[in-house]
Amino acid sequence: MAVHRWQALTTVEFSALPCSEMVAVLPLGATEQHGPHLPVGTDALIVEAVLQRALERVAELDLVWLPALWCTKSDEHRAFAGSLSLRAETLMAVLHDLTAGIAAAGFRRLVILNWHGGNSDLVSALARDLRLRQGVWVFVVDIIRSFPAAPSPVLPGEPPPFDIHGGRFETSLLLAAQPDLVRPGPYTGIGADYRRGRMAERFSGYRFLSPEGGRVQVGWESTDLTADGVIGDPAGANPSEGAASLEQMVDQVACMLREIAQFPG
Ligand SMILES: [Zn+2]
């Protein structure tokens with residue numbers, strides 16, 4: 001039983017490993033603008049931070065982890081310099097091809113660990129395609145959707161805080177995981193949500209319509225919601241809150257990996 005790094009193994013070692021009994025883990029990051037204070041690699045940095053910490057807790061499992069896919073589908077951020085994106089069909093093709101190679105090595109179970117909301121719907125459709133076409137069970141651990149954002153004050157009579165991109169949650173996480181890459185604060189006057197900025201102008205007052213999580217889905221791009229690239233409010237971000245969120249996520253991802261490892265491939 002051991003946790004292996006895909007790129008560190010030799011082909012002879014792959015042939016000797018019981019890959020059909022093991023789990024492969026592929027993290028999905030992104031390269032896209034995250035406002036004036038966070039680097040464009042934020043999503044990839046966070047997913048790697050979560051995975052590396054989780055792997056330390058599951059040393060009893062038989063698994064192989066791949067490097068994070070650093071560019072995925074981020075075209076909603078195309079208006080902001082530094083954002084790179086694969087088209088939906090390109091990303092699907094890349095994931096099909098990577099899975100074919102993973103299956104050829106003998107794996108029957110693949111975990112896709114996703115940190116970028118723009119990938120979520122594609123990846124859940126892909127999970128069934130890969131099962132039907134390649135005979136691989138795909139388990140989507142969509143961390144960004146499974147965890148509540150950072151606690152922000154809910155004021156009576158006000159809409160709940162909205163924090164999906166470069167706001168308090170991600171800023172706190174990166175302050176905890178990679179503080180050298182976060183520009184110095186204070187992070188005031190940044191972002192937009194139901195109370196401020198373009199998002200408030202366009203989306204407040206509806207019952208069903210919301211950029212994320214509403215019953216009516218809307219295909220937005222980030223300039224519809226925000227002038228500076230942040231959707232949320234990073235003002236209260238701090239490293240201790242980030243460390244607490246990271247710990248919660250790492251613990252839950254470790255538990256999820258253990259459960260997936262028990263599932264017969
Ligand atoms: Zn992000």
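Between the range 93-111 and the range 161-214, the C-alpha centres lie 35 angstrom from each other.
Under a 5 Å amide H cut-off, with hydrogens placed 1.01 Å from N, THR31 pairs with THR72, LEU84 among residues at least 5 apart or on other chains. Dipole check for the chain: with +1 at the C-beta of Lys and Arg, -1 at the C-beta of Asp and Glu, and the Cα centre as origin, the magnitude is about 420 Debye.
Beta-bridge orientation, the chain: approximately 10 percent antiparallel, per DSSP, counting only bridges with both partners inside.
For a quick check, take a GNM of the chain with Cα springs below 10 Å and name the residue from SER74, SER20, SER83 with the largest mean-square fluctuation. Evaluated over the chain, the most mobile residue of the options is SER20. Ignoring any ligand, DNA or RNA, what whole percent of the accessible area of the chain comes from carbon and sulfur when the probe is 1.4 angstrom? Percent of accessible area from carbon and sulfur atoms in the chain: 54.
A simple count of charges around VAL64, restricted to other residues whose Cβ falls under 12 Å of its Cβ and scoring Lys, Arg +1 and Asp, Glu -1, yields -1. With the highest mean first, a sort of the peptides 135-141, 33-39 on other beta-carbon atoms found within 10 angstrom per residue produces 33-39, 135-141. Neighbours of VAL23, meaning other residues whose beta-carbon lies under 12 angstrom from its beta-carbon, give a summed charge of 0 when Lys and Arg score +1 and Asp and Glu score -1.
Our helix-only sum for the chain, with -39,500 (n - 2.57) per DSSP H run of n ≥ 4 divided by its residues, gives a mean residue ellipticity at 222 nm of -12000 deg cm²/dmol. For the range 85-91, 3J(HN,Hα) computed residue by residue from phi via the Karplus equation (6.51, -1.76, 1.60; θ = phi - 60°) reads 8, 9, 5, 3, 5, 5, 4 Hz, glycine and proline entered as x. Counting Lys and Arg as +1 and Asp and Glu as -1 over every other residue whose Cβ lies under 14 Å from the Cβ of ARG53, the net charge comes to -3.
The values are calculated or read from the model by the stated rules, or taken from the named source; none is laboratory data. Only a predicted model underlies this, so the values are computations on that prediction, with no experimental measurement involved. Cβ atoms come from the backbone with ideal geometry, glycine included; neighbour counts cover every protein chain shown. The accessibility values were calculated without ligands, DNA or RNA, using every heavy atom of the protein model including side chains. Shrake-Rupley method; radii C 1.70, N 1.55, O 1.52, S 1.80 Å.
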